[in-house]
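Before any comments, here is the structure.
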Amino acid sequence: MTDPRVVTLKHFFERVRAGELTGIRCTKCGALEIPPRELCPTCQARAWEPVPLAGEGTIASYTVIRVAPRAHAADVPYAIAAVKLKEGPSLLGRVQDIPLETLAIGLPVRFRPIVKDAQTAIGFGPA
Ligand SMILES: [Zn+2]
């Protein structure tokens, strides 16, 4: 890490690949955001510090994808969920190893990375 105050998307996904979820906290107003962004949406400051997150949360909403872009065509159906992390912010991720028919708002889930070749994505599996 070159500058711990700046958590870039690249660094964020490197940590994701290692199985860690990192949020950023605004040192001016305390807002907690994930994934990293340039400016604080609350106070417009650029004064972030990284915050390790537990990766535990509950499903806030979800969508079942039945027709996917070509790259994911072999994977359908699958679900994308907005997960409300226990630290507060919400994060979009792909649902893994949870039967689609058991998906529900409020279902506890746990972050886990989806690593495929050079690609890393956010995933959520059973809590
Ligand atoms: Zn702020």
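The values are calculated or read from the model by the stated rules, or taken from the named source; none is laboratory data. None of the values given here were measured: they were computed from a predicted structure. Cβ placement follows ideal geometry from the backbone for every residue including glycine, while neighbour counts extend to all protein chains displayed.
Looking at the structure I just gave you, is VAL95 surrounded by 12 or more Cβ atoms within 10 Å (Cβ to Cβ) and outside the structural domain of GLU20 (by TED's automatic domain parsing)?
yes
Using the structure shown, decide if ARG37 is of a type in the set (Lys, Arg) and part of a loop (DSSP other than H, G, I, E, B).
Judged against the criteria, ARG37 is a match.
For PRO41, work out the one condition from (1) touching a residue at least 12 places away in the same chain (Cβ under 8 Å); (2) touching a strand residue (DSSP E or B) at 6+ places or on another chain (Cβ under 8 Å); (3) farther than 24 Å from VAL109 by Cβ it doesn't fulfil.
(1)
Of the residues ALA54, ALA71, ALA31, which is at pLDDT below 95 and either small (Gly, Ala, Ser) or in contact with a helix residue (DSSP H, G or I) (Cβ under 6 Å, 6 or more places away or on another chain) (or both)?
The match here is ALA71.
Only one of these is exposed (fewer than 13 other Cβ atoms within 10 Å of the Cβ) and either of a type in the set (A, V, I, L, M) or at positive phi (or both): LEU32, LEU9. Name it.
Within the list LEU32, LEU9, the selection yields LEU9.
Considering only segment 101-127, how many residues are in a strand (DSSP E or B) and either over 13 Å from GLU20 (Cα atoms) or out of contact with any Asp or Glu (no Cβ under 7 Å at 6 or more places or on another chain) (or both)?
Here the count works out to 16.
Quick one: how many residues across segment 42-71 are under 21 Å from the mean Cα position of the chain (by Cα) and either surrounded by fewer than 12 Cβ atoms within 10 Å (Cβ to Cβ) or assigned to a strand (DSSP E or B) (or both)?
Here the count works out to 19.
From LYS116, LYS86, which residue is surrounded by fewer than 16 Cβ atoms within 10 Å (Cβ to Cβ) and at pLDDT 95 or above?
LYS86
Counting just the residues of segment 43-66 that are in contact with an Asp or Glu (Cβ under 9 Å, 6 or more places away or on another chain) and within 16 Å of the ligand (Cβ to nearest atom), which one comes out farthest from ARG94 (Cα to Cα)?
ARG46
How about segment 7-28: which of its residues are farther than 15 Å from PRO89 by Cα and not in a helix (DSSP H, G or I)?
VAL7, THR8, ALA18, GLY19, GLU20, THR27, LYS28
Return the total of residues in segment 16-41 being within 13 Å of the ligand (Cβ to nearest atom) and either acidic (Asp, Glu) or within 16 Å of ARG112 (Cβ to Cβ) (or both).
2
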